[in-house]
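The values are calculated or read from the model by the stated rules, or taken from the named source; none is laboratory data. Every value quoted in this text rests on a predicted model; they were computed, and no experiment measured them. Note: ideal-geometry Cβ built from the backbone for every residue, glycine included; neighbour counts use all protein chains shown. Please note that ligands, DNA and RNA were not included when accessible areas were found on the heavy atoms of the full protein model with its side chains. Shrake-Rupley method; radii C 1.70, N 1.55, O 1.52, S 1.80 Å.
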Amino acid sequence: MKEIILDKATEMFLNLGFKSVTMDDLAQELGISKKTIYTHFNNKTKLIEACTMQVYGAITQGIDTICALNKDPISELYEIKKFVMIHLKNEQSSPQYQLQKYYPKIYDTIRQKQFEHVQDCVVENMERGIAEGIYRKNLDVNFASRIYFSGITSIKDHSIFPTDLFLITDLMDNFLEYHLRGIINKEGRKILNNLIDANID
């Protein structure tokens with residue numbers, strides 16, 4: 001029952017928003033009493049914390065699976081982008097904004113975990129790209145990896161990129177190309193251009 005509650009709550013929070021969904025809404029949707037929910041989760045904050053950790057775990061596991069395929073570093077980033085886009089399509093509300101506004105402690109905890117995981121993945125990606133001769137040799141990996149994290153989190157900020165002006169799919173495509181063109185060399189450009197051409201066709 002705990003897993004059922006967690007799965008349904010995660011779905012509702014992502015679709016309707018962390019603030020909008022009440023424990024009454026969740027209980028009604030599941031056809032159970034609120035008491036049953038509170039048996040497994042002491043309060044809404046604990047439930048939201050568990051939901052965000054579940055989403056974080058699913059995303060990081062997916063990214064780790066892609067990284068284990070050992071594709072060239074540029075293709076790897078495109079595969080990660082595709083995976084993240086599938087996840088984002090399930091978000092109908094602005095979960096990041098609502099989490100930050102109404103549950104800042106949970107937001108800060110998740111953001112720090114995201115940063116640490118992305119930092120590890122992107123640093124490894126960049127070091128491999130340099131070693132394979134497709135990223136610039138003089139690339140400041142520590143700086144560029146942090147700029148990457150800052151960028152991927154900022155494009156989901158609707159106050160900067162309002163949804164009536166920007167589609168998330170375009171933002172993801174444009175940001176990844178922008179990031180890669182700043183770190184690749186001549187050999188890397190060949191791979192990138194081939195990938196872009198393949199995605200257009």
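For this structure, a couple of remarks:
- Average accessible area per residue (Å²) across the stretch 150-201 - probe 1.4 Å, nucleic acids and ligands excluded: 64
- DSSP-assigned coil residues among chymotrypsin sites (Phe, Trp or Tyr not before Pro) in the stretch 18-103, each with at most 10 further Cβ atoms within 10 Å: none
- Ranked from largest, the principal axis spans of the Cα set of the chain equal 62, 33, 29 Å.
- Point-charge dipole on Cβ atoms (K/R +1, D/E -1) for the chain, about Cα centre, debye to 20: 480
- Close amide H contacts of Ile184 (hydrogens built in the peptide plane, cut-off under 5 Å, sequence separation of 5 or more or a different chain): Arg136.
- Fraction of accessible area attributable to carbon and sulfur, the stretch 1-151 (%, probe 1.4 Å): 52
- Rolling a 1.4 Å probe over the protein heavy atoms gives the stretch 39-84 an accessible area of 48 Å² per residue.
- Helix-only mean residue ellipticity at 222 nm for the chain, each DSSP H run of n ≥ 4 adding -39500 (n - 2.57), per residue, nearest 500: -24000 deg cm²/dmol
- Taking trypsin sites (Lys or Arg not before Pro) in DSSP loop conformation with at most 10 other Cβ atoms inside 10 Å as exposed sites, the chain has its longest uninterrupted site-free stretch at 1-88.
- Prolate is the label for the stretch 77-176. Its Cα gyration tensor axes, ordered a ≥ b ≥ c, give a/c of at least 1.5 and a/b above b/c.
- Each distinct pair of alpha carbons in the stretch 1-78 adds a 1/r term; the inverse of their mean, the Kirkwood radius, is 14.0 Å.
- The phi-based Karplus calculation (6.51 cos²θ - 1.76 cosθ + 1.60; θ = phi - 60°) puts the 3J(HN,Hα) values of the stretch 123-133 at 4, 4, 4, 5, 5, 5, x, 5, 4, 7, x Hz, whole numbers, x for Gly and Pro.
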